[in-house]
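Chemist: My questions all concern the structure below.
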Amino acid sequence: MTAPVLQVDNLKKHFPVDSGLRSSKEIVHAVDGVSFSIAPGEVLGLVGESGSGKSTVGKCILRLLEPTAGTITLQGTDITRLPRRRVRPLRRKMHMVFQDPYSSLNPRMPIGRIVGEPLRMHNLVDGSQLERRVSELLEMVALRPELRHRYPHELSGGQRQRVAIARALSVQPPLLIADEPVSALDVSVQASILNLLKDLQAELGFSCLFVAHDLSTVEFLCDRVAVMYLGKIVEMAPRKELFVHPKHPYTQALLSAVPVPDAKAQRHRQRIVLTGDIPSPVAPPTGCSFHTRCPVVQERNRIEEPQLREISGQGHHLVACHLVGPNGEAPDITRETSHAQ
Amino acid sequence: MTLLHVSGLSVRFRTEDNPVQALSDVSFALEEREILAIVGESGCGKSVTAMSILGLLPSTAAISGRIALEGRDLLTLPRKELRSIRGKELSMIFQEPMTSLNPVFTVGRQVGEVLRHHEGLSRRAARDRAIELLDLVGIPAPQRRVDEYPHQLSGGMRQRVMIAMAVSCDPKVLIADEPTTALDVTIQAGILDLMRDLRDKLGTAILLITHDLGVVADVAERVIVMYAGRKVEEATAEELFEHPQHPYTMGLLAAVPRLREQPNGERDRLAEIPGMVPSLSAPPSHCPFAPRCSRADELTLSELPELRDVRPGHAVACFHPGDERTYS
């Protein structure tokens, strides 16, 4: 087996919060023991709702946040504790695309400089070649090279996100970290950016950590998917396996909550509506962190924390739930919720 | 019976550069107890439609047409009378529940304020009624929650408080502008159920403004599709999703990635709509979708298509409507 591009082991990120009047410091357990790896050329989707910690994982890997514990290994090098000055060269190996193409581009720089900046920073291309390379990069993301003289405010949201993608891929990084790259865009623009990302990934073969809340875009783009809840991965499996045979009650509920754009199908579909909200990451529940909202909760789930374990014979399907049998027998949560109504 | 009748509504914003024609000749009716959705992408005019009905457009807007709520034209009504209708007969919820609630007052006081203003309830009676309302919208432990502040509630709970406020005076029409866009899917499902439930219990008609076709498919009974400030298609929800007629509607439906419907091939792609939305400062005199449409011809590029019925109860503004088969 080839060595993974990225290996994350037991990553934790805790934020201390001042709780106002009380003198005791409280701790937000944003990421609480996350492990996964990404193989060369693989797209891993990290999906979860707000507060699940998915973006924090991405930021820790990029070293935009300092991890509290755990190790992050990029192409065989432990980068968890690299000093600041040695983080910068890492941007050649991993680059990022963010959600909001309005705030992630410098409004005072013309597009050509924005796209060429990483190349200049890393002295990858000498001056005479820079312009030609920038034009190539713009063409790669289907933008006219003439746009390099324009400023971000003159571009549409979709065009701006293409600029951000061209900038990220300019250094040909082995790993791209994309945090909700299409969720601020309109449906028709979203489609073209998703197609572009898919084409570029197939063409250039980079690995990608795709952080998103939208399950359908994750299914479209990713080879493997990890589902996060309250700072932990609760289920991880190859795309098809996860979407067709979800095991964890949370994954099942999440999938059933996505409305399908088809009135007839949507109305005849059995939906699982979870009650309650995501608990506070300051004081996560004991036992299984999902037990407060789980429709099939049992006494054991409240006390004992389930570990992420592989289900035998299901092709690398991992799940953290006491109620999933050793051979992947999943609890039927639709029946339980329809009783409740 | 028709509750709300919008006819020939046009809105033009004066700006420092060119005026922006945000809405052009939009007409529709909202029937009693109905859930009608207006769907479209940014800039299509869906929120401007909601704002004009509520009388909340800024003074730079020039509005023409007629918006009649049970026969009274809201556009010509004096401000004072409009204020007595708004929040009572006509109420609203918005996308971001945190910014629509006042952070320094308890939720009970804010829900109660509506009741004291419109129904003249005493402070105590308003509080009691607020507890009932919080219970109605599915907030657990309403006796305790009534004394809490907005920051103590989650996003989903805040939106429930907004809904409690909106339905407090038993409105005839509820306008919901992207009510679930800021919420997570598992929370969204609960809010959509609540809206349907309130319509069934209280009989409130709902005008739902959204960009999300999944949300439309879930709750709407009838759908209006808007593009570049115009209504381009209208039908019942089931009809629209099964037999979309306008190439723009078809394009939108094909552009959405769908769960578990993606074939396994590595190279499959989503359908794209080429080009961009036309500028509203120079709206074309022909079909606004023509430059992006594969069916566009000389007629499409010279004239504006009128809305016409192509199937029972299904209107479309297109010279070449229908699916690929009927068209080719």
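Chemist: Tell me the trypsin sites (Lys or Arg not before Pro) within segment A:101-132 that lie in a loop according to DSSP and have at most 14 other beta-carbon atoms within 10 Å.
Modeler: A:Arg108
Chemist: Using 0.36 nm times the number of residues separating B:Ala125 and B:Glu242, minus their current alpha carbon distance, what extension gain do you get?
Modeler: Between B:Ala125 and B:Glu242, full extension yields an extra 37.2 nm.
Chemist: Separation between the B:Arg260 and B:Lys201 pseudo-spin-labels, each 7 Å from Cα along Cα→Cβ, expressed in nm?
Modeler: Roughly 3.1 nm, to one decimal.
Chemist: Could you give the nm distance between label points at A:Ala39 and A:Val282, where each point is 7 Å from its Cα heading toward the beta carbon?
Modeler: 4.3
Chemist: Using only the heavy atoms of the protein chains and a 1.4 Å probe, how would B:Phe105, A:Phe243 rank by accessible area, largest first? Walk me through the numbers before you get to the answer.
Modeler: Numbers: B:Phe105 70, A:Phe243 0 Å².
Putting B:Phe105, A:Phe243 in descending order of accessible area: B:Phe105, A:Phe243.
Chemist: Moving on. How big is the gap, in Å, between the Cα center of segment B:189-225 and the Cα center of segment B:62-106?
Modeler: 19
Chemist: Over segment B:132-209, what lengths in whole Å, largest first, do the semi-axes of the equivalent ellipsoid take, defined as the square roots of 5 times the eigenvalues of the alpha-carbon gyration tensor? Write out the running numbers ahead of the final one.
Modeler: Numbers: eigenvalues 73, 49, 22 Å².
Semi-axes (√(5λ), whole Å): 19, 16, 11.
Chemist: Where nothing but the Cβ of Lys and Arg (+1) and of Asp and Glu (-1) is charged, how large is the charge dipole of chain A around its Cα centre, in debye to the nearest 20?
Modeler: Details: 41 positive and 35 negative charges, 188 e Å.
In total the dipole reaches around 900 debye.
Chemist: Mind giving me the nanometre distance, one decimal, between the label points for B:Phe105 and B:Leu77, set 7 Å out from Cα along Cα→Cβ?
Modeler: Reported label-point gap for B:Phe105 and B:Leu77 is 2.1 nm.
Chemist: Ok, one more. Pull up the DSSP beta bridges for the protein assembly as shown and report the antiparallel fraction as a percent, rounded to 5.
Modeler: Restricted to the protein assembly as shown, the bridges split so that about 60 percent are antiparallel.
Chemist: While we're on this one: Under a Cβ-only charge scheme (Lys and Arg +1, Asp and Glu -1), can you give me the dipole magnitude of segment A:245-341 about the Cα centre, in debye to the nearest 20? Each step should come with its number before you reach the end.
Modeler: On the way: 10 positive and 9 negative charges, 72 e Å.
Dipole about the Cα centre, nearest 20: 340 debye.
Chemist: First compute the accessible area of segment A:245-341 with a 1.4 Å probe, then give the percent of it belonging to carbon and sulfur atoms.
Modeler: About 51 percent, which is the carbon plus sulfur part of the accessible surface.
Chemist: Expressed in whole Å with the largest first, what are the equivalent ellipsoid semi-axes of segment A:35-92 derived from the C-alpha gyration tensor as the square root of 5 times each eigenvalue?
Modeler: Equivalent ellipsoid of segment A:35-92: 20, 15, 10 Å, largest first.
Chemist: Identify, among A:Ser207, A:Thr286, A:Leu242, the residue whose Cα sits farthest towards the positive end of the charge dipole of chain A, taking +1 on the Cβ of Lys and Arg and -1 on the Cβ of Asp and Glu, with the dipole about the Cα centre.
Modeler: A:Ser207
Chemist: Output the relative contact order of segment B:2-220, whole-number percent, from Cα pairs under 8 angstrom with separation of 6+ residues.
Modeler: 26
Chemist: Also, quick follow-up: For segment B:51-150, state which trypsin sites (Lys or Arg not before Pro) are in a DSSP loop and have at most 13 other beta carbons lying within 10 Å of their beta carbon.
Modeler: none
Chemist: When DSSP beta bridges are limited to those with both residues in chain B, what percentage is antiparallel, rounded to the nearest 5?
Modeler: Within chain B, antiparallel bridges account for around 60 percent of the total.
Chemist: Check each of the GluC sites (Glu not before Pro) in segment B:19-65 and keep only those in coil by DSSP with at most 14 other C-beta atoms within 10 angstrom; list them in order.
Modeler: Working: sites: B:Glu31, B:Glu32, B:Glu34, B:Glu41; in loops: B:Glu32, B:Glu34, B:Glu41.
Sites meeting the loop and neighbour criteria: B:Glu32.
Chemist: Which value, in debye to the nearest 20, describes the size of the charge dipole of the protein assembly as shown about its Cα centre when Lys and Arg Cβ atoms bear +1, Asp and Glu Cβ atoms bear -1, and nothing else is charged? Could you put the intermediate results ahead of the total?
Modeler: Values: 78 positive and 80 negative charges, 419 e Å.
Value, rounded to 20: 2020 debye.
Chemist: In straight Cα distance, which lysines are under 20 Å from A:Lys240, not counting same-chain residues fewer than 8 positions off?
Modeler: In chain and number order, the partners are A:Lys198.
Chemist: While we're on this one: Regarding segment A:176-234, what's the average projected area of the Cα-atom convex hull, expressed in nm²? All intermediate terms of the calculation are to be shown ahead of the outcome.
Modeler: On the way: hull surface 17.0 nm².
Seen from a random direction, the Cα hull of segment A:176-234 projects 4.3 nm² on average.
Chemist: Using a 1.4 Å probe on protein heavy atoms only, how many Å² of accessible area do B and A hide from each other, summed over both chains and rounded to 100?
Modeler: For B against A, buried area totals roughly 4000 Å².
Chemist: Also, I was wondering about something else. Let's test the formula: R0 of 41 Å, r as the Cβ-Cβ distance of B:Ala282 and A:Thr275. What FRET efficiency results, to the nearest 0.05?
Modeler: According to the calculation, E is roughly 0.20.
Chemist: Give the residue from A:Val8, A:Pro306, A:Ala253 lying farthest towards the positive end of the charge dipole for chain A; charges sit on Cβ (+1 for Lys and Arg, -1 for Asp and Glu) and the dipole is referred to the Cα centre.
Modeler: The residue sitting most towards the positive pole is A:Val8.
Chemist: Would you work out what percent of the accessible area of segment B:2-220, with all protein chains in place, is carbon or sulfur (probe 1.4 Å)?
Modeler: Carbon with sulfur: 48 percent of the solvent-accessible area.
Chemist: In the calculated pair distance distribution of segment B:222-294, what percentage of Cα-Cα distances lie above 21 Å?
Modeler: For segment B:222-294, the fraction of Cα-Cα distances above 21 Å is 37 percent.
Chemist: In whole Hz and in residue order, list the ³J(HN,Hα) couplings for segment B:85-97 that follow from phi through the Karplus curve 6.51 cos²θ - 1.76 cosθ + 1.60, θ = phi - 60°; x for Gly and Pro.
Modeler: Once θ is set to phi - 60°, the couplings for segment B:85-97 become 8, 5, x, 10, 7, 10, 10, 8, 10, 10, 5, 9, x Hz.
Chemist: Tell me the angle of helix B:107-119 to the major Cα principal axis of chain B, expressed in degrees between 0 and 90 and rounded to the nearest ten.
Modeler: Tilt of helix B:107-119: around 90 degrees.
Chemist: Please turn the phi angles of segment A:140-153 into ³J(HN,Hα) values with the Karplus equation 6.51 cos²θ - 1.76 cosθ + 1.60 (θ = phi - 60°), one per residue in order, whole Hz, x for glycine and proline.
Modeler: Per-residue couplings from phi come out as 4, 9, 6, 10, 5, x, 4, 5, 5, 8, 7, 10, x, 5 Hz.
Chemist: While we're here: When only C-alpha pairs under 8 Å and at least 6 residues apart count, what is the relative contact order of chain A, in percent?
Modeler: Dividing the mean separation by the residue count of chain A yields 19 percent.
Chemist: Would you please give the residues with an amide H less than 5 Å from that of A:Glu26, counting only those at least 5 places away or on a separate chain, with H modeled from the backbone geometry?
Modeler: Correct list: A:Val17, A:Ser19.
Chemist: Keeping all protein chains in place, calculate the accessible area per residue for chain B (probe 1.4 angstrom), answer in Å². Don't skip to the end; give the middle numbers.
Modeler: Details: 14420 Å² over 328 residues.
Result: 44 Å² per residue.
Chemist: OK, next. Please give the calculated 222 nm ellipticity per residue for chain B, where each DSSP H segment of at least 4 residues contributes -39500 (n - 2.57) and the sum is spread over every residue; nearest 500 deg cm²/dmol?
Modeler: Calculated at 222 nm, the ellipticity per residue is -9000 deg cm²/dmol.
Chemist: By a straight-distance test (C-alpha under 20 Å), which aspartates and glutamates pair with A:Lys59 as possible cross-link partners, with residues fewer than eight away in the same chain excluded?
Modeler: Within reach: A:Asp9, A:Asp32, A:Glu42, A:Glu49, A:Asp78, A:Asp100, A:Asp179, A:Glu180, A:Asp214.
Chemist: Please report the base-10 log of the normalised intensity I(q)/I(0) for segment B:2-220, using a Debye sum with one equal scatterer per alpha carbon and no solvent, at each q in 0.11, 0.14, 0.15 (1/Å).
Modeler: The Cα Debye sum returns log10 ratios of -0.54, -0.87, -1.00.
Chemist: What whole-number volume per residue, in cubic angstrom, does the convex hull of the C-alpha atoms of chain A give? Mind dumping the intermediate values first?
Modeler: Values: hull volume 57.6 nm³, N = 341.
Cα-based convex hull of chain A, divided per residue, equals 169 Å³.
Chemist: Semi-axes of the equivalent ellipsoid for the protein assembly as shown, please: Cα gyration tensor eigenvalues, times 5, square-rooted, ordered largest first, whole Å.
Modeler: After diagonalising the Cα gyration tensor, the semi-axes are 40, 34, 25 Å.
Chemist: Still on this structure, please answer the following. GNM on chain A, C-alpha springs below 10 Å: top fluctuator among A:Gly112, A:Gly287, A:Gly33?
Modeler: Looking only at A:Gly112, A:Gly287, A:Gly33, the largest GNM fluctuation is found for A:Gly287.
Chemist: Jot down the radius of gyration and Dmax of segment A:245-341, Cα atoms only, both in angstrom.
Modeler: 14.5, 42
Chemist: I've got another one for you. Starting from the amide H of B:Glu31, placed 1.01 Å from N in the peptide plane, find each other amide H under 5 Å away whose residue is 5 or more places distant or on another chain.
Modeler: B:Leu3
Chemist: Could you work out the mean projected area of the convex hull around the alpha carbons of segment A:100-172, in square nanometres to one decimal? Kindly include the intermediate steps, with their values, before the conclusion.
Modeler: Working: hull surface 17.2 nm².
Here the figure is 4.3 nm², rounded to one decimal.
Chemist: A:Val97's amide H: which non-local residues (gap 5+, or another chain) put their own amide H closer than 5 Å, with H modeled 1.01 Å from N in plane and none for Pro or chain starts?
Modeler: Amide H neighbours of A:Val97, under 5 Å, 5+ apart: A:Ile177, A:Ala178, A:Asp179.
Chemist: Give the lysines whose C-alpha is closer than 26 Å to that of B:Lys88, dropping any in the same chain fewer than 8 places away, or say none.
Modeler: B:Lys46, B:Lys80, B:Lys172, B:Lys201
The values are calculated or read from the model by the stated rules, or taken from the named source; none is laboratory data. Remember, it's a predicted structure, so these values are computed and weren't measured experimentally. All Cβ positions, even for glycine, are placed from backbone atoms using ideal geometry, and neighbour counts span all protein chains on display. Accessible surface areas use protein heavy atoms only, side chains included; no ligands, DNA or RNA. Shrake-Rupley method; radii C 1.70, N 1.55, O 1.52, S 1.80 Å.
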